[in-house]
Each structure stands twice: as structure tokens, then as C-alpha cells.
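The values are calculated or read from the model by the stated rules, or taken from the named source; none is laboratory data. The model shown is predicted, which means the values in this text are computed figures rather than measured ones. Cβ: placed from backbone, ideal geometry, glycine included. Neighbour counts: every protein chain shown.
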Amino acid sequence: MDKRDFLKSFHTAAGLLPERLWRAAFSLEREQQIECEELRLRLGRPMLALLGDGSEVLRDNGAAPTVTREDLETVLANATKSSLHTYGQQLKRGFVTADGGHRIGVCGEYTGETVRAFSSLNIRIAKQMTGIGDGVVKRLYPEGFESTLIAAPPGVGKTTLLRDMARTLSMTMNVSVADERYEIAACGTGGAAFDIGMCDVLSGGSKSEAVEMLIRSMRPDVIVLDEITAEEDAEAVIRAAYSGCSFLTALHGSAEELDRRMIYRRLMQEGIFTRIVTIENIGGKRQYRTYASGGERNAENDRIDNDSRLVLGNRYFHEQSD
Amino acid sequence: MIAGSCSAIGISMNRAIKKRISSLRSFISALQIIKAEIVFRSAPVPQLLETTDEIGGAAAEFFKRIGERMQTRSGSFWQAAQHEAHFLMESGLNASDSKNIFHALYSVGRYDAAMQADIINAALRHLESELKRVEAEAAQKGRVYSAMGITAGIVLALAVI
């Protein structure tokens, strides 16, 4: 995706806004529109644009219009083509995915089945970065794919990398995507909003259900899924891994936090993931580090100070160079 | 001429009541179908607008216009409905009927299915109650209006002569 694509993405996201807020969004300079990652609407507050280095209040001719409940409802009506009731499963999870892949987080009154009385929206502008996965895939898998975990803090581009790695891998392998939150492929009535190559996508449903369905019906070499959070999801992954399937998934947090998360500690101990990718945002640029499993821990090697090594659970992971 | 004019007024009042009854029945049926499509089939709005065609009458024409406007102008359902609001009065409904219908239409596609159903039900209760009242009025007074019109016309004509 180049700058023109990012600009187009901003335009389609801002196009969801009612007219008075739309004018405020387009008061941003061209470079800011390209850089804009989120548009945040909060009831009774001015609209904000989240840029790379902070956020900016959006104004129309100097005045910052405050967001009304009607504005929030209009955005959702535009995003769902006046059919919010058809997005029941997504709304239950607190989001709605608009055409173009823009994910709109929804806050309000949660009834257990849906969200009502909307109080704020977060329009995350979809940006696909095609090609960022190519180098990572080449470095990580000289002898074939191995189950991989992408670990990074929120907002640095895990899902963007996950998506592009899935796209790259799908050119030579059977790759299935369990897209529980419609973030990876953002499938709608018109198909996937993102370029995911030759992947087969199962959207919605829990990860554990999706993994079992995909194993039974799509014969995947690799299953791609976003963060594993539930015990039953981890169980499904372990069962599928023992039947020969590999996985590519993400973790919100640093690689060191893997040890503190019971689900991931177990997956590491079972030896499911033998590759790790970390992402750091350094001066606005993403840096990808890749690690390969280097064997089980022992007391002697633990005493060795090694900056290019991760120690997770009962295994070492050594940093790979180009 | 005078007799004719007064007769026409009386007959016209009778027709206006019948037209309103016909339109109320049509819109009540349409709202019931819309509610069912939303609650049971989660049908997207453009699709559920097509199903109102089967009802016929004023509502079918109204929703057809909204559907066409949504397609040609790429606007929202609510924007298209507001643009066609004048049609409700032209179809014989009064201001209160229009207000109730628009109260229901405001919710279409805007909220979750259960909330839309609640709002549409509230509008339907008002419209159904009003339909009963107007049907009773028509039964009692419809012919009276026509007869009064004709009688008034004859009396006036005789007075002039």
C-alpha cells in the first residue's frame, strides 16, 4: 500500500461521518490524513484524530463540533448500510466492520447481547502494508514453516504483519484464517476487504470452533488466528498441532510476558511455537526481530548473559540475523 | 351547480376517510413485515424494502421510492425516507399518522433487532388503535357525510332559487 492508498483509506473512513464532522475530518493536512490511524468520537466531546505522534482535535473553520448521539448513530448506519441489526454477532463483541476493512469499536450500554445507547466510537482506519511479511517469512523459514508467535504491544502492527505473512505463506501452502473478530481479512458481503492472497477465511465464531471446522474441511497446512485468550482455544490449537497443523498467531504484549500468561506458557511448554517475531516502533519505523527455538533450558546456559536470546518457559529462542 | 358542489364536498369527505383507512392498513402491514424481516431473518434494509412490494397500496409505493432513492443516491435509509415524507400526506394520512410512522422508520437499521422491534411495536399500537377508530367513524358517519353533502346542496340550491 502506498501513500495514495492510505489517503484513499482515510477518505473512505471519513466518508462514514455525518457532514458536519466530515468537514472537520478533512481539515487535516494531506500528510496528516495519510498518517491518521484512528478517528475517535465521544458523546459531548470534540472528535479526535489519532496521528503517529499524538492526537489532534478536529475543527471546522476554527470551531470543534461536539459529537452528538445522532452523529454516532449516523456513523453506524452508514457503516452498516442502514442495517445495524445484521451485525448482531459483531456488535455483541463490541465492534462493527465497515466496507474497506475499517473496524469501528463501539462503547455504550452493554446488555449482554448487544451494545445500546452508544456513547463513543473508535474508527480504526484500515491500512494494509503489502510486502512487510516477505522478509520475515524468508528469514524465519529457510527449511519450511514452523508455528510462529508474533509478540508486540498494542498498536504497533501485529495484525498488519500477521495478515501479510498469511498472504505470503498462502502462495505456497494451504493457509486458513480463523478471523474471529473480522480483523485479519475483514470479510463482508463483497468478500475480503484486505488482500490475503490464497487464504481460506472463516469469519466469526470462536477460535476453538473455527480451528476444528477448518481442520475437518479445509486441510490447512497453517491456521492463522489472532490472539489466543481462552483455555478452550489453546486446547483446540494443541489438538490440531498434534495432528500436523501449524499455527501463526499474535500476542498483545512483549515476548517476555509469555511466561506470565498461563495459556501461552502452556503452549510454549508443549513446544507448539518454535518461532517468535517481535515488533518495536523506533522513531516511527517498525523493527522486526525474529527468534528460533534453540533447545531446552539448563542451569549452565542460564548463567550466560545473552542479549540476543529470549528465555521462555523451558526453552531458549535465539535471534536470527539476515 | 350549488347542489353538485355540496354533494361533492360530502362525497369527498367520505372518500378521504376511506383513503386514510386504506393507507393505514397498508402501512400497518408494511411495518409488520419489516419488523418480521428484521427480527427473524436479520434482512438488510434494501432486501426488506423489496418484501413490502407484496402488500400493495400506499406503503408499497412509499418504500419502493425509498429503495430507488437509496440505490441511485447511495444515501442512508433515513435520508431517503425523509426525502419521501411528503408522500405520506399525499396518500391520505394525517400528521399524527405520519409522525407515528416516522417514529418507527427512524429506528429501522439504526439499532439492534430487539430495540427496533420495540419501537415498531409502539408505532403499530398507535396506528392500529387509530385505524379502529377511523373504521368505526367511517361505518357510522361515512354515509352521513355523503347524504349531508347532497342534502345541503339541495337546500342551498332551493334557497337560491
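Miscellaneous remarks
- Of the residues making up region A:170-189, those that are among the β-branched types (V, I, T) and under 20 Å from A:K127 (Cα atoms) are A:V177, A:I184, A:T189.
- Lone unmet requirement of (1) among the hydrophobic types (A, V, I, L, M, F, W, C); (2) in contact (Cβ under 8 Å) with a residue 12 or more places away in the chain; (3) in a helix (DSSP H, G or I); (4) more than 14 Å from chain A (Cβ to nearest Cβ) for B:L93: (3)
- Filter pass, B:A85 being free of Cβ contacts under 8 Å to residues at least 60 places away in the same chain, within 10 Å of chain A (Cβ to nearest Cβ) and closer than 28 Å to B:R15 by Cβ: no
- Restricting B:A36, B:A59 to residues that are more than 14 Å from A:S83 (Cβ to Cβ), assigned to a helix (DSSP H, G or I) and within 14 Å of chain A (Cβ to nearest Cβ) narrows the list to B:A36.
- Elements of type strands (runs of 3 or more DSSP E) in region A:233-299, at least 2 residues being of a type in the set (S, T, Y): A:246-252, A:285-296
- Count of region A:103-129 residues which are assigned to a loop (DSSP other than H, G, I, E, B) and within 14 Å of another protein chain (Cβ to nearest Cβ): 4
- Within region A:9-28, tally of residues that are surrounded by fewer than 19 Cβ atoms within 10 Å (Cβ to Cβ) and within 23 Å of A:A193 (Cβ to Cβ): 5
- Tally of residues being among the aliphatic types (A, V, I, L, M), modelled with pLDDT under 95 and touching a helix residue (DSSP H, G or I) at 6+ places or on another chain (Cβ under 7 Å) across region A:26-57: 2
- Of all residues making up region A:93-118, the number that are surrounded by fewer than 18 Cβ atoms within 10 Å (Cβ to Cβ) and among the polar types (S, T, N, Q): 1
- Any chance A:G100 is assigned to a helix (DSSP H, G or I), closer than 30 Å to A:A166 by Cα and of a type outside the set (D, E, K, R): no
- Residue satisfying all of: in region A:39-72; under 25 Å from the mean Cα position of the chain (by Cα) and among the acidic types (D, E); nearest to the other protein chains (Cβ to nearest Cβ) among these: A:E56
- Residue within region B:41-52 that is over 18 Å from B:Q116 (Cα atoms) and either surrounded by 20 or more Cβ atoms within 10 Å (Cβ to Cβ) or at pLDDT 95 or above (or both) present: no
- Each residue in region B:25-65 was checked for being over 24 Å from B:R133 (Cβ atoms) and either among the basic types (K, R) or touching a Pro at 6+ places or on another chain (Cβ under 7 Å) (or both), and 3 of them qualify.
- Filtering region A:29-43 to residues that are in a helix (DSSP H, G or I), touching a strand residue (DSSP E or B) at 6+ places or on another chain (Cβ under 8 Å) and crowded, with 17+ Cβ neighbours inside 10 Å leaves only A:E35.
- The condition (being of a type outside the set (D, E, K, R), modelled with pLDDT under 90 and within 30 Å of A:E70 (Cα to Cα)) is satisfied by just one residue among A:G135, A:G144, A:G100: A:G100.
- Selected residue (criterion: nearest to A:E212 (Cα to Cα)) from residues of region A:237-249 that are among the hydrophobic types (A, V, I, L, M, F, W, C) and buried (at least 23 other Cβ atoms within 10 Å of the Cβ): A:V237
- Within region B:108-127, the set of residues being more than 17 Å from the chain's Cα centre (by Cα), more than 10 Å from chain A (Cβ to nearest Cβ) and not hydrophobic (A, V, I, L, M, F, W, C) comprises just one member, B:D118.
- Test: residue in region B:8-24 that is at pLDDT below 95, hydrophobic (A, V, I, L, M, F, W, C), loosely packed, with under 15 Cβ neighbours inside 10 Å and not in a helix (DSSP H, G or I): no
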